[in-house]
Every structure is written in structure tokens, then in C-alpha cells.
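A.B. asks: One structure, as C-alpha cells, below. Some questions next.
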Amino acid sequence: MRGRGRRRSTALLAVAVAMVTLAFGLAACGGDTVGGGNQDEVTTAKGGPVSGQLTISNWPGYMDPGPNNTIAKFEKTTGVSVDYIEDVNENESFFGKMQPLLKEGESGGRSIFVVTDWMAKQMYDLGFLQEIDHADLPTVFENMRPQLESPAFDPGRKFSVPWGSGMGGLWVDTAKAPEIRSVNDLFDPKSKGKRTMLGELREPVPLVMLAEGIDPVEATNDDWLNAIDRIGEAAESGQIRRFTGNDYTEDLTAGNIVGAIGWSGDASIIENPNAEWRMPTEGCSLWSDNMVIPVGAPNVGAAFGWMDFIYQPEVNAPLAEYITYIPPVEGVQDLVKPELAKDPLVFPSPKFTAKCTDQDSPPDIEPVNEAWQEVITG
Amino acid sequence: MSLRQRLVPYWLLGPGLLWLIIFFVVPMYFMGELALRSGSLTTGYTFDWAWANFPDSLSGHTEQIGRSFFYAGTATILALLIGYPLAYAIAFRAGRYRTLLLFAVIAPFFTTYLIRTIAWKTILSDSSPLVSVLQTLSLVPPDGRVLATSGAVIAGLTYNFLPFMILPLYANLERLDLSLVEAAKDLYSSSRQAFLRVTLPLTMPGIVAGVLLTFIPAFGDYINAQLLGGTQQAMVGNVIQSLYLNQRDYPEAAALSFLMMALILGIVSLYIRFAGTGAFMGGDEEEAT
Amino acid sequence: MAVAAHAWGWLRRKALLIYAGLAVAYMLIPIAIIAVFSFGATPQGKLTFGLNDGFTTEYWSSAFSLPELNEALFTSLRLAALSTLIATAIGTLMAIALVRHTFRGRHLANLLIVIPMATPEVVIGASLLSMFIYYTFALGFTTLLIAHVMFSISFVVVVVRSRLIGFDRSLEEAAADLGATPLATFRTVTLPLLAPGVVAAALLAFALSIDDFVISNFNSGTTVTFPLYVYGVSLRGIPVQVNVLATMLFIVTAIAAALVLIQQRRAERMAAVRPEPEAPPTLSPA
């Protein structure tokens, strides 16, 4: 019995050693660098006939529903058959999923992604996106709202076309905590444990910096880290209940929280009549989600056709009515329902957003990101 | 034994082993290679035998690892306490309703992990009747809450992994020969003695299977912590997910994953040695005539 | 004395049933909640788990009005059925080999089966994805199927094995004594007796596949499964139709279970009889 056992374990050991040696032998042969930024071969996407099949990846809730929605109209007008997938739930996880594909120059069949500005920039810097020729998108650049024409993350709109914009600010349950008007109020120990913050780095941290009088776009790494520390302490003491994605809306509806950092366009999903979005006294954060063309995108012609189609005011208006975020197209305000046209959250005046800041990345992203992840994962 | 007979086990194992090797071992190799690289998304990941990744990935995450142990362990024990009597009842007392009950155990799976957990979120929300009852019973402080606490996460884990405990238990219990228990009673043992001395040892393989099938996935879970937990309830799964998707620190993510796997395997072998049956690993005492 | 013991026994028996009943109720509470809220009226048709606006059946009548949802559900069902079939077959064979035969490499095989269960889903999903990319294998239904079968095999093996271990061999020996070939014995004696274990394993594999989110997320390409769909919409408001379909699925499975019940009663009359032990049992088990 013992002899058998010893023979068996020796055999096992031998096999294990052999496998390990083989594996690392193969690896050492490689010894190369995988990944990394690669800006050398950025291609410009070429227009073409608007036909065939088009696959779009977008955020959920960004398309009006029903058999006669915007997609159906596009399909009817152009004959293109559209595969519209709502799989962008978070910039980071979408990126994580797509990164291995994009690295190899593949887009997984998609011709358009819609991602937030800083993620678009990150993808571009890594060589994952194609540039667009404005000549191929006449309607887009004719109708784009002037404020969006040259944003900090993509001056001259080399690779992105905005889909919609929004503001990050405060959602408040006015019945239970009417006094919350600034991000600083979220740190108030009153109603401790009834506050949440968004988990994406670039939402709460710039707002906290704003609340301390620091301009996030000019902030140093230390400013970011200090703000993160402050949030971290609040998290540990139980002041902040959770870091959320879009699901802070559920907490608001259920009455679990009275104050949250959240997005301006989410009114339609919050079933709490007392909840309202407030512009923090120190200003909000402005972001936009953008259509981008990835490397390896099939059928760019149809993609351009889609973009041009969306940028017609009469097409964008019903879309805006459903999404209730800020439309990128000039002239939509005159075409939508009067209550919506007057809503400052959907059509904010420049004065309303005067103190708002763009979402930007810290100068040295890695230590900041790491510190933030420490805070989020407790 | 003829050659043909000797080859039988290999034929039986063949398809499965092949599948596992191609679709599990090979990707693991890719991941192992990744764990020894260093770098970042922008600079690329260079393979440079970065063994430091392994201890690095552990440091600073010991809290989450300990937490995962605690949550998964508690959930497993609770699942065993709830699941064993239920499996026993289904196997021996259910009679005609056995399939129906088994179905009731499986049914939650068809409504999607996320929806189930969100449903629990509703049941446990601050303003729900359940929480009010708990507050009246002083199980929860008057201004306290159930959600966003460790308790909620453990409750979620227990619920979601209960079928993993019940099914193996049932599969094993069902095969139990009750006449052995009767014989024990005929020989003047009490019901409790009969249970402890006859039933329990005979159903140990089922218990071992159930415990392992529950503990291990619970240990690596992150959805319960994400939906039902607060800022201080993150588990190892959350860390790995964050490393992988948010920080894109693939080497560290890979290293931590390997360490986690090693840890779990260590526990598994310890547990089996302790449980003493060896039956789980198809040990030597199993006849093979 | 006898009366008291009798009463105690009666109580204990009832206690078990009561306890089991409670446990089952516990399992079904979220389903009840899901079903209830499928009747809740909400603006915009988004699930809110609040009953402020009263009840309605409109979502039931428009249950199939969301094409992406229907497609996702159908994909998941197809995927689960296929992966269950393959994984259960492969896994059962493996379990038999591991329990009934001795051979070289048994420990290695055991190891290979246990390790996938010890691996976090994030890791399995991501590593599979890297491999598929490396070999430029198109992501989609096939890669999903491969992944689902892969993680199901281990569970099937464990469940079937735990049943095989307590198996009474004397029936098979009896069949052999009566002249049956090994294959015939397997078909007519072993397999039917193994059936409950195999069915349990198959159920588990099916459930795992239908429910899987993390691994599917990495390997699905543009294919959308039901959990992926739910996750996507959960961030912007789950359409109530999701609840409706989930409840429907539950009801359909309940009907299927009832049918199996009826069938089982018929089969019970033909099932093998439990063997009586030939000798008085010893008091020290294994």
C-alpha cells in the first residue's frame, strides 16, 4: 500500500514539474511586451454606401422603445439592418471586455460604441479608435451644438461624436433632508449612513474637489488623493452607505437614502415624488457620452449614415424626449414638448452650468486609481 | 484484466478531460504567464518573471480575504443547517411530492441571480415590513438597517447557494438504506444515536460535496457584496473584479487569482483529510472489482 | 412510556416536515415577490418594487413585446439545454470512471475536476477570453456553449459521484450472475438506479447555465443571454416584462414538474426494489 502510494505521488510530482517547466519554457521564449499604447497606425475611417448591417453598442436607456422608434425609422429610411446592443453598463467593465479584442484590431463586429468622454480619450490614446473625416458627416457637424464642437478631451472632434450629455450632481429627498445643497453636506453626520456616492472615480472626486474650491481640471495628483482620503474616511465611518452605479435610483425609491451623487437625467427611473436633482452650490460635473468608431469596425459607411441620421433635429427630438438627457443637436428645444423644453436639466442655459467642470483624468492616473479602488473595495 | 478492460476508464474520462484541458488548463497557462508580467495598459505588459506580484497582490487585501472566509463559511454552515433537514425530508418523507419539492429548490435559479438578489434588496430595504418586524423584536437597532451590512451579504450568499448544498445532499441521502437505521433502533439505540452513529457517517460524502460546492463559489462571489453590502463588505471577488476591470492591473489580478485558487485547494484538501472519509476523492477504500 | 415515546416520535416527525415547509417557503419568497411586482403599475414600464400606482395586468398582456428580451431569454434556454446535455453526459461518464475503476492518473484527474470549482468566475471568464482572442476564435454562441459546458462538468461529476459512492453493488452482481453482459447490466440496472443522481446533476447544470453572468459577460461577443440582458437594463430600469417572463418561466417549470410527478408515479411501480441486506447489519458503519 505504501509502495503504491509513493510511486503514485512521485509520478504526480514528475508530471507537475514537467508541465510547469514546459509552460515557462514557452513563456520565456515569448518574453515580449504585450499591449501598450500604439498611436502610430491610427487610421481614418472612410465613408461609404449606407447599406448592409450595422452593430451598435450603447448604454441601456439611451434608445426610445417601440416598433416605430429611432432605429426602425433609420432602417426604413436607409434599408440598413441594425443590431442594437445595450451592453455598455459601465465604461470600465465595457473596456475590460473589449480590450483584448481591440488590442488585436478587432471590434467584435461592432461599428459604433458609445462611451463617456474620458474613456473615449483613453481608447484613442491606446490606438483603439479610428479618426473620423468631418467631410463624411455633414449633418453632424452642421447641427452640433456649438458648445460641444471642441471639448478638452477631443479638440476638433477627431474621433468622437456626442450622443448626449448630462450633469453629475446631487439627488436629494426633499421631504427628509431638504438642507442638502452642496456636496459638503453629504459629509454631515446627520442622517449618517443614508448617503451614497457614485463609484466611478471621475464623478464624486472632482465634485468633492470642487466643494473644497479646487478646480478639478487644474488639480494636482495630491489634490485628487486628498479628496479620495476624505471620501475614504467617510466610507469607513459609515457615513457613506454605498458606492453605486446607476442603482442609487433604487435606494432613493426605496427610501434607503436621502442624499446621493447622481445624474441629472435619471428622474424617470426614480419613483420618489420628493426626490429632486439639485445643482450643487459649488457647481456640477459635465460629461457627454460619445459615439466612436473602433478599429476593425465593419461597414463604416452605415455607421456614418447613422450618425448623420441622428443629428437631424426632427429625429433627435423624440429621442431626447425619452432619454431626458441633454441632446447634442441644435434646434431640438423647439421641437420637444413644452415642459421638456423648459426643463433646465435637459436644456441647461450656459448660466446654469457656469460653475460646472468637465470630467478630466488626474495627471498620473495609476496611483489615484489604485487609491480609489482601495476606498471602494473597503 | 484485458487491455480493453484496462482502457475503459480512459475512454470514459477522455471527453471530459480533453474538454477541461483545452478550455481550462490552457487558459490558466495564459493567465499564469500574465501573472509574471509587469506593466500597465499604456506601457504594455512585459514578461519579466515578476514573482513579486504574488506577495504584492496579497498585501493590502488581507481584510477582504478574511472577510470572504467569514462570509462564505457562515453562509455554508447556515446552508447546511437549513439544507440537511430539507434534503432529508425530501428523500424520506416527501413521498409523491418529492419532485415538486426538488423543483421548489431549483426554481429560484430560473429567475436569474440578479433579479433574485434585487428582490432580496427590496425585502430587506429600510422601509420594508420585514425590517420593521426585526426592529420591534430588537434584532435590529431602531435606527439601524439590514441592507449594506455583513448580515445582508451573508443572508444573500446563503440563499443563493442553498441549492448547491441541497442537491448533493439529496442525491446521497436518497441512496441511504433505512433498514440500517431501523436495525440500529432494534438494538436499542435512541433516534438521536441512530442518527449520529448511522445516518450521519453514511451521508458524509453528500455533506462533503455539499459543503465544498457551497463554500467555494461563495468565497469567490462578488455580486451579493456589491448589491447587498455597503462600503465595508467587499470580498476577494470584488477586489479581483476591480483589479481586472477597473484598474486593469492584469498581472496583479492574475497573481491574486492564483493565490486564491491555491488557498481554496489547500482548504479543500485539509477538509477532506479532516472529514476522514476520503470518499470524496474516490480514495483507495472504494472497491473497483 | 410507550405512549410518550410514540407522541415524541410523532412530534419529531411533524417537526421535520414543518421545518422543511418553512425552508421551502424561504426559497420561494423572492419568487413570490417577483411575481407580485410583475403586476405593479409603473410609469415608463420600469420596475420599481414599489406599489404606489396600483395593480395592472398590462405587462402580462404585453409580455413578449420586447424583442431583445425575448431573444435573450430564448438564447439562454437554448444554451442551457445544450450545455446541460453535453455536460451531464460527459460528467456522468467521468464519475463512473473515477468511482468504479482504478487507473493511473486518478489523482491528477481528480485534481483537474476540483480546480475549476475553486476558481473565481472572473478568472475563468477572463482567461477563456484571452485564449479565444489569441486563436482569433469568433465570440458568440459557440464560445458561450464551450464555457458553460466547461464549468458545468465539475459539478456534474461531484453530484453523480456522491451518489455512486453509496451505491449497492449487489444488484449489479445479481444481474451478472443471471448472465447479463456488463453493457446490459449498465443499461438496465445501473443507469436506472443512478438516474436520480444524474437528474439532480442535470438540473444543477441547467440552473448554472441559465443563471451564469460573469463568465458569459466575458465570452459572449454580441450574443445576449437573459442574465446579461437583466444586468444591462437593471442599471437604467428593469422593464416589468422581465419579471413577467421570469414568473412565466417558473410556472412553466412548475407544470413540467407536475407532469414528471405523474409520470413518476407510473414509473414507481416498475422501479427496482430496494435490496434487503443478506446478513444482519453490523453496528459500526464504514
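Laboratory data are not the source of any read-out in this text; all were calculated from the coordinates shown. Only a predicted model underlies this, so the values are computations on that prediction, with no experimental measurement involved. Note that each Cβ is placed from the backbone with ideal geometry, even for glycine, and that neighbours are counted across all protein chains shown.
A.B. asks: Using only Cα atoms, what is the ratio of the radius of gyration of chain A to 2.2 N^0.38 Å? The partial results should precede the final answer.
C.D. replies: Values: Rg = 24.2 Å, N = 378, 2.2 N^0.38 = 21.0 Å.
Chain A yields a ratio of 1.15.
A.B. asks: Give me, ordered by chain and number, the residues 5 or more places off residue A:129 or on other chains with an amide H under 5 Å from its own placed amide H.
C.D. replies: It is A:295, by chain and number.
A.B. asks: Follow-up. Using the Cα centre as the reference, give the magnitude of the dipole from point charges on the C-beta atoms of region A:282-378 (Lys, Arg: +1; Asp, Glu: -1; all else neutral), rounded to the nearest 20 debye. Working shown, then result.
C.D. replies: Values: 4 positive and 15 negative charges, 74 e Å.
Dipole about the Cα centre, nearest 20: 360 debye.
A.B. asks: Step through the residues of region C:55-69 one at a time and calculate ³J(HN,Hα) from phi using the Karplus curve (6.51 cos²θ - 1.76 cosθ + 1.60, θ = phi - 60°), rounding each to whole Hz and writing x for Gly and Pro.
C.D. replies: These are the phi-based 3J(HN,Hα) values: 9, 7, 10, 5, 6, 6, 6, 10, 4, 9, 8, 9, x, 5, 5 Hz.
A.B. asks: Please list, ordered by chain and number, the residues whose modelled amide H lies under 5 Å from the amide H of residue A:164; skip anything fewer than 5 residues away on the same chain.
C.D. replies: Result for residue A:164 returns A:289.
A.B. asks: Enter the mean number of other protein chain beta carbons within 10 Å of the beta carbon of each residue in C:92-98, as an integer. Display every interim value, and only then the final one.
C.D. replies: On the way: counts 2, 7, 9, 4, 4, 10, 7.
Rounded to a whole number, the mean comes out at 6.
A.B. asks: Related question: Write down the radius of gyration of region B:48-108 and its Dmax, each obtained from C-alpha positions, in Å.
C.D. replies: In order Rg, Dmax, the Cα atoms of region B:48-108 give 20.5, 63 Å.
A.B. asks: So for the protein assembly as shown, what are the equivalent ellipsoid semi-axes in whole Å, largest first, each being the square root of 5 times an eigenvalue of the Cα gyration tensor? All intermediate terms of the calculation are to be shown ahead of the outcome.
C.D. replies: Values: eigenvalues 526, 207, 144 Å².
Semi-axes, largest first: 51, 32, 27 Å.
A.B. asks: List the residues, sorted by chain then number, that are 5 or more residues from residue A:170 or on another chain and whose placed amide H is less than 5 Å from its amide H.
C.D. replies: A:262, A:278
A.B. asks: Continuing with the same structure: What is the magnitude of the charge dipole of region B:59-276 about its Cα centre, with +1 placed on the Cβ of each Lys and Arg, -1 on the Cβ of each Asp and Glu, and no other charges, expressed in debye to the nearest 20? Intermediate values should be presented prior to the final figure.
C.D. replies: Working: 13 positive and 10 negative charges, 94 e Å.
Roughly 460 debye for region B:59-276.
A.B. asks: Which value, in debye to the nearest 20, describes the size of the charge dipole of the protein assembly as shown about its Cα centre when Lys and Arg Cβ atoms bear +1, Asp and Glu Cβ atoms bear -1, and nothing else is charged? Each step should come with its number before you reach the end.
C.D. replies: On the way: 63 positive and 86 negative charges, 1057 e Å.
The calculated dipole for the protein assembly as shown is roughly 5080 debye.
A.B. asks: For chain A, build the charge dipole from Cβ charges (+1 Lys, Arg; -1 Asp, Glu) around the Cα centre, then report which of A:325, A:285, A:58 sits farthest towards its positive end.
C.D. replies: Toward the positive end, the furthest listed residue is A:58.
A.B. asks: Students often forget the sequence filter, so: which lysines lie under 23 Å Cα-Cα from residue A:192 once same-chain residues fewer than 8 apart are removed?
C.D. replies: A:176, B:121
A.B. asks: To the nearest 0.05, what FRET efficiency results for residue C:187 and residue B:5 with a Förster distance of 25 Å applied to their C-beta separation?
C.D. replies: Working: r = 18 Å, r/R0 = 0.72.
Efficiency, rounded to the nearest 0.05: 0.90.
A.B. asks: Any idea what the alpha-carbon Rg over 2.2 N^0.38 Å comes to for region B:59-276?
C.D. replies: On the way: Rg = 20.0 Å, N = 218, 2.2 N^0.38 = 17.0 Å.
It is 1.17.
A.B. asks: Okay, moving on. Excluding residues fewer than 8 places away in the same chain, name every one of the lysines whose C-alpha is closer than 22 Å to that of residue A:103.
C.D. replies: A:46, A:121, A:158
A.B. asks: Can you give the calculated 222 nm mean residue ellipticity of the protein assembly as shown, where each DSSP H run of n ≥ 4 adds -39,500 (n - 2.57) and the sum is split over every residue, rounded to the nearest 500 deg cm²/dmol?
C.D. replies: The per-residue figure over the protein assembly as shown is -17500 deg cm²/dmol.
A.B. asks: While we're looking at this one, here's another question. How many percent of DSSP beta bridges within chain A run antiparallel, rounded to 5? Can you show the working numbers first?
C.D. replies: On the way: 24 of 41 bridges.
Within chain A, antiparallel bridges account for around 60 percent of the total.
A.B. asks: Ok, one more. Can you figure out the FRET efficiency of residue A:212 with residue C:137, using R₀ = 60 Å and their beta-carbon distance, to the nearest 0.05?
C.D. replies: Details: r = 50 Å, r/R0 = 0.84.
Calculated value: 0.75.
A.B. asks: Restricting to Cα pairs below 8 Å that are 6+ residues apart, what does the relative contact order work out to for region A:91-194? Please round to a whole percent.
C.D. replies: Numbers: 45 pairs, mean separation 18.9, N = 104.
Reported as a whole number, the value is 18 percent.
A.B. asks: Sorted by mean Cβ packing within 10 Å, highest first, what order do the peptides C:181-192, C:59-70 take?
C.D. replies: Working: C:181-192: 13.8, C:59-70: 15.8.
For the peptides C:181-192, C:59-70, the packing ranking is C:59-70, C:181-192.
A.B. asks: Where both residues lie in the protein assembly as shown, what percent of DSSP beta bridges are antiparallel, nearest 5? Before the final figure, lay out each step's value.
C.D. replies: Working: 32 of 49 bridges.
Rounded to the nearest five, the antiparallel share is 65 percent.
A.B. asks: For region C:213-224, what does the Karplus curve 6.51 cos²θ - 1.76 cosθ + 1.60, with θ = phi - 60°, yield as ³J(HN,Hα) per residue in whole Hz, taken in order and with x for Gly and Pro?
C.D. replies: 10, 4, 5, 4, 4, 7, 10, 9, x, 9, 6, 10
A.B. asks: With both bridge residues required to lie in region A:147-265, what share of the DSSP beta bridges run antiparallel, to the nearest 5%? Can you show the working numbers first?
C.D. replies: On the way: 5 of 11 bridges.
Expressed as a percentage, antiparallel bridges in region A:147-265 total about 45.
A.B. asks: Going by C-beta contacts inside 10 Å, put C:208, B:86, B:202 in order with the fewest on the left.
C.D. replies: B:202, C:208, B:86
A.B. asks: Wrap a convex hull around the Cα atoms of region B:1-45, take a quarter of its surface area, and give that in square nanometres. Don't jump to the answer; show the numbers that get you there.
C.D. replies: Values: hull surface 17.1 nm².
The orientation-averaged projected area of the Cα hull of region B:1-45 comes to 4.3 nm².
A.B. asks: Tell me the label-point distance for the pair residue C:263, residue B:49, using the 7 Å Cα-to-Cβ offset, in nm and rounded to one decimal.
C.D. replies: 6.0
A.B. asks: Sticking with this one: So, R0 is 60 Å and r is the distance between the beta-carbons of residue A:337 and residue B:195; what FRET efficiency does that work out to, to 0.05?
C.D. replies: Approximately 0.30, to the nearest 0.05.
A.B. asks: For chain A, what's the relative contact order in percent, using C-alpha pairs closer than 8 Å and at least 6 residues apart?
C.D. replies: 25
A.B. asks: May I ask you to list the aspartates and glutamates whose Cα is less than 19 Å away from that of residue B:185, ignoring any residue fewer than eight positions away on the same chain?
C.D. replies: B:177, C:276, C:278
A.B. asks: Listed highest first by mean packing, meaning other Cβ atoms within 10 Å per residue, what order do C:27-33, B:181-187, C:91-97 come in?
C.D. replies: Numbers: C:27-33: 18.3, B:181-187: 15.7, C:91-97: 25.0.
With the highest mean Cβ count within 10 Å placed first, the list reads C:91-97, C:27-33, B:181-187.
A.B. asks: Turning to a different aspect of this structure: Defining a contact as two alpha carbons under 8 Å apart and six or more residues distant in sequence, what relative contact order in percent does region B:59-276 show?
C.D. replies: Values: 215 pairs, mean separation 61.8, N = 218.
In percent, rounded to a whole number, it is 28.
A.B. asks: Would you tell me the mean number of C-beta atoms belonging to other protein chains that fall within 10 Å of each C-beta in A:249-257, as a whole number? Mind dumping the intermediate values first?
C.D. replies: Numbers: counts 5, 12, 5, 0, 6, 11, 5, 9, 2.
Average per residue, whole number: 6.
A.B. asks: On to the next question. Hey, rough spin-label estimate for residue B:178 and residue B:273, points 7 angstrom out along Cα→Cβ, what's it come to in nanometres?
C.D. replies: Inter-label distance under the simple model: 4.0 nm.
A.B. asks: Rg and Dmax of region A:246-378, Cα atoms, in Å?
C.D. replies: Cα radius of gyration and Dmax of region A:246-378 are 18.2, 48 Å respectively.
A.B. asks: At what distance in nm do the modelled label points of residue C:174 and residue B:127 sit from each other, each positioned 7 Å from its Cα along Cα→Cβ?
C.D. replies: The answer from the label model is 6.5 nm.
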